[in-house]
Amino acid sequence: MSENTQDISRRSTLKGAAALGTAAFIPAGVHGKNAKETNTVMDLTQDEKYWAEIAKDYDVDPDIINLENGYWGLMSRPVLETYLDHTKMVNRENSYYARRGFKDDFVAATARVATELGAKDGEIVLTRNATEALQGLINGYNRLKVGEAVMYADLDYYSMITAMDVLAAKNSCDVVRLNIPEPIDYDGLVEFYRAALADNPKVRLLLLTHIGHRTGLQVPVKEVTQMARAVGVDVIVDAAHSYGQLDVKIDDIGADFIGFNLHKWIGAPIGVGAMYIRENQLDAIAPNPSAEMDEKDSIVGRVHTGTTNFAAIITLPAAFDYHARVGAANKEARLRYLRDVWVDEVHDIKNLSVLTGNNPRLHGGITSFRFDGKTSVADNKAIVERLLKDHGIFSVHRDGVAKGACVRITPSIYNSLDDVQQLAKALRALSTQM
Ligand SMILES: Cc1ncc(COP(=O)(O)O)c(C=O)c1O
């Protein structure tokens, strides 16, 4: 076991002991034990039988090892079945349900999301995805004055970067684009943002991505938000990948404006996300131009979706129930463990760099790698192809990183220890051909 893995197990056990109590979800058939006998995160994190039982709740393509679970998250079978039932009901009842029953269900689903996130009533509105939430926040941000600036980093998400550029241009403001140093340690990252804020006093709005989709870097959003707030800078946090991958709530993120996905790591049907605005900050985000008059003074008016996927929204409680049965802390610990196993096993490969540091505060389950000199998109697409064709492992290339493209590895809770060990073996074999 690596030093890093030990670190995580200790940390997670403490967290888990409090989080789980006696309520750990033990799928039928695991060891014949009940929850009381198997109720620490550490017990479960490395318990392959436990996770094999969880994996049975997922319909997974047996022909590939899917280590690209960052696009969206599979629904577990209980959630899928609920969703199919809801889809049939919505299709059968049509506008009769949409016009009469949906409103209460929508309010209840929104309330559930707020409770899960630790938000107050009126601080959450549902969206179709994180993009809709974050675009609403960025496009609607109305505190910029001519000559001020917005700031973001190379590791932020493409369309949020574009929206920040457009916002700056619309307000005759400058853009400060940061390239996050690679490699970087935790203190270095905090210091990097401290210096960036100090060096750029015109910045009024900062975009932070909690877990980046390019390398999996976890940004210390709470610390940076506090530093930014102290110098009058508002922060929008892109939590598309962090919520559910990490066992976090709004207080752990600390920002006033946050966009979430619920179809990545909460395992809800595709088509649900959420926007958060702290209650005393609503005036910073202009209502959507299409908002109804009576929505303009509430967060509901910050999003205008039109006809939506009713069935996906009303399946949210089932998705949260399943997430809770697995346990948010268990899930985070398992994803970290799977990540640590392959990273630990490739650490001595001389021509391979792992792009997030081993400090658990710098990553979750996602981590990217790069072979020396293989910095183009074409190079990394070719590596992804080799992993698939020669080893049956599915991954994805990512670009936009200042130092070059890379390959991203994203395990899910249905992946086994063997899956990530096979990846490590495949990377060792590939390294001799680079
Ligand atoms: C960091 C980050 N932000 C935002 C998004 C957008 O998510 P969605 O396409 O579900 O809106 C993604 C999607 O992968 C992402 O990784």
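The values are calculated or read from the model by the stated rules, or taken from the named source; none is laboratory data. Everything numeric here is computed off the predicted structure, so don't read it as measured data. Counting neighbours? That spans all protein chains shown, and the Cβs are built from the backbone with ideal geometry, glycine included.
Has segment 281-301 got any residue that is within 16 Å of the ligand (Cβ to nearest atom), buried (at least 18 other Cβ atoms within 10 Å of the Cβ) and not basic (Lys, Arg)? Within segment 281-301, not a single residue is within 16 Å of the ligand (Cβ to nearest atom), buried (at least 18 other Cβ atoms within 10 Å of the Cβ) and not basic (Lys, Arg). What do you reckon, is Glu81 under 16 Å from Gly244 (Cβ atoms) and away from the ligand (no atom under 16 Å from the Cβ)? When the stated conditions are applied, Glu81 does not pass them. Screening the candidates Ile349, Ile383 for the property of being in contact with a strand residue (DSSP E or B) (Cβ under 7 Å, 6 or more places away or on another chain), closer than 19 Å to Met434 by Cα and at pLDDT 95 or above yields one hit, Ile383.
Of all residues in segment 105-122, none that is outside the structural domain of Asn309 (by TED's automatic domain parsing) and farther than 17 Å from Ser298 by Cβ has its Cβ atom under 9 Å from the Cβ atom of a residue that is among the basic types (Lys, Arg) and crowded, with 16+ Cβ neighbours inside 10 Å, 6 or more apart or on another chain. Check segment 129-140 and report whether any residue there is more than 16 Å from the ligand (Cβ to nearest atom), touching a strand residue (DSSP E or B) at 6+ places or on another chain (Cβ under 7 Å) and in the same structural domain as Thr308 (by TED's automatic domain parsing). Yes; the residues of segment 129-140 include at least one that is more than 16 Å from the ligand (Cβ to nearest atom), touching a strand residue (DSSP E or B) at 6+ places or on another chain (Cβ under 7 Å) and in the same structural domain as Thr308 (by TED's automatic domain parsing).
When Ala108, Ala163, Ala119, Ala114 are checked against the criterion of being away from the ligand (no atom under 16 Å from the Cβ), under 28 Å from Trp72 (Cα atoms), in contact with a helix residue (DSSP H, G or I) (Cβ under 6 Å, 6 or more places away or on another chain) and of a type in the set (Gly, Ala, Ser), Ala119 stands alone in meeting it. Selection of helices (runs of 4 or more DSSP H) fully inside segment 315-411 by the criterion of at least 2 residues being farther than 26 Å from Val79 by Cβ returns 328-345, 377-391. Inside segment 263-284, residues that are touching a Leu at 6+ places or on another chain (Cβ under 6 Å) and within 24 Å of Arg229 (Cα to Cα) make up a count of 1. Output yes when any residue across segment 365-375 is touching a Pro at 6+ places or on another chain (Cβ under 6 Å), buried (at least 16 other Cβ atoms within 10 Å of the Cβ) and modelled with pLDDT of 95 or more, and no when none is. So far as segment 365-375 goes, yes, one or more of its residues are touching a Pro at 6+ places or on another chain (Cβ under 6 Å), buried (at least 16 other Cβ atoms within 10 Å of the Cβ) and modelled with pLDDT of 95 or more.
Entry remark, segment 209-235: residues being more than 11 Å from the ligand (Cβ to nearest atom) and assigned to a strand (DSSP E or B) number 3 in total. Return yes when Asn415 is part of a loop (DSSP other than H, G, I, E, B), among the polar types (S, T, N, Q) and either in the same structural domain as Thr45 (by TED's automatic domain parsing) or under 20 Å from the mean Cα position of the chain (by Cα) (or both) and no when it is not. So Asn415 fits the description; yes. For segment 249-264, taking the residues that are buried (at least 21 other Cβ atoms within 10 Å of the Cβ) and assigned to a loop (DSSP other than H, G, I, E, B), the one that is farthest from the ligand (Cβ to nearest atom) is identified as Asp256.
I'd like the residue in segment 158-175 that is buried (at least 17 other Cβ atoms within 10 Å of the Cβ) and not small (Gly, Ala, Ser) and, out of all such residues, is nearest to Ala268 (Cα to Cα). So the residue we want is Met160.
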